[in-house]
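Please treat every number below as a calculation from the coordinates, not as lab data. This one's a predicted model, so the numbers in the text were calculated from it and none came from an experiment. A quick note on method: Cβ atoms are made from the backbone with ideal geometry, for glycine too, and the neighbour counts reach across all protein chains shown.
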Amino acid sequence: MIQLITADRPAVVCLQEVPAWALHLVGEWAGMKALGDRTRRGKPFGRHVTKLNAGVFRSSFGGQANVILLPQDVTVREHKMITLNTNPFSEEEGRKLGLDPGDIRWWQRERRICQVVKLERPDRRRLLVANVHATAHPRDRRLADSELRRAANFVDRQSEVEEAVIFAGDFNITQAQSQTIAALLGAPPESRWSGGGPHIDHVLVRGAKASAVRVWTDDERRYAGKLLSDHAPVEVEVDV
């Protein structure tokens, strides 16, 4: 999948659910700088490795991570990360949402993060890239929306006036379901975002002109007859 996603030499790639064992390899596969932050912790019994024909199958029991891929010629000015569903936040927010203690504990079970990378291109143009994978709750999308609001506030605090800002990832909520996305897209002109996506994967842009979000076709993510990635990638062209 990394081979397919980087074939046309993209400027930025935001990945979620990267197996922890691949963290030190994904940059080499892509020929890009890779900045990763752990999300899911490994299971106590560690990583399983099973021979499969001529290859090797590795499960994600060793944990997972979010990764931002960048071209080799950019300068990384800053790399930060915030945990979105910390115990204090989920307990306070859970009470506001009327969640019972069991739902609050479930919310805390798998760490969700927002990565922020501030970069400078060779032409001196500065960008801030945020990569999010929000909580997926099939019956209550308010959990994801609460995390997105926290992530958006974090991104806003980190951003500088001269930076174009890209806020992307698996938000696990559609535009129609999210008060946070609606607020970002409907903000005053000087702080308004553009973009979004048709489903739960989004790319929002502020401070630069951006195309509409395009969802990959199945043929674009098919390799050797197999459909790769559990979500179709989405992409945006940003004029910087």
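How do 202, 24, 231 line up, fewest other C-beta atoms within 10 Å first?
With the sparsest Cβ surroundings first, the list reads 24, 231, 202.
Give me the base-10 log of I(q)/I(0) for segment 72-185 at each q in 0.15, 0.16 Å⁻¹, Debye formula, one uniform scatterer per Cα, rounded to two decimals.
-0.67, -0.74
Where the centre of each part is set by its Cα atoms, how far does segment 172-213 sit from segment 105-138, in angstrom?
15 Å
Do you know the relative contact order of the chain, to the nearest whole percent, from alpha carbon pairs under 8 angstrom that are 6+ apart?
Relative CO of the chain lands at 14 percent.
What FRET efficiency, computed as 1/(1 + (r/R0)^6) with R0 = 22 Å and r the Cβ-Cβ distance, is obtained for residue 1 and residue 208, rounded to the nearest 0.05?
Once the sixth-power term is evaluated, E becomes 0.25.
For the chain, build the charge dipole from Cβ charges (+1 Lys, Arg; -1 Asp, Glu) around the Cα centre, then report which of 21, 131, 215 sits farthest towards its positive end.
It is 21, whose Cα lies furthest towards the positive end.
Work out the length of the dipole vector of the chain about its Cα centre, built from +1 on the beta-carbon of each Lys and Arg and -1 on the beta-carbon of each Asp and Glu, and round it to the nearest 20 debye.
Using only the charged Cβ atoms, the result is roughly 680 debye.
If we count other beta carbons within 10 Å of each Cβ, what is the order of 14, 114, fewest first?
14, 114
Taking Cα extents along the principal axes in Å as the quantity of interest, determine which of [x] 90, 50, 32; [y] 54, 43, 38; [z] 55, 50, 33 was computed from the displayed structure.
[z]
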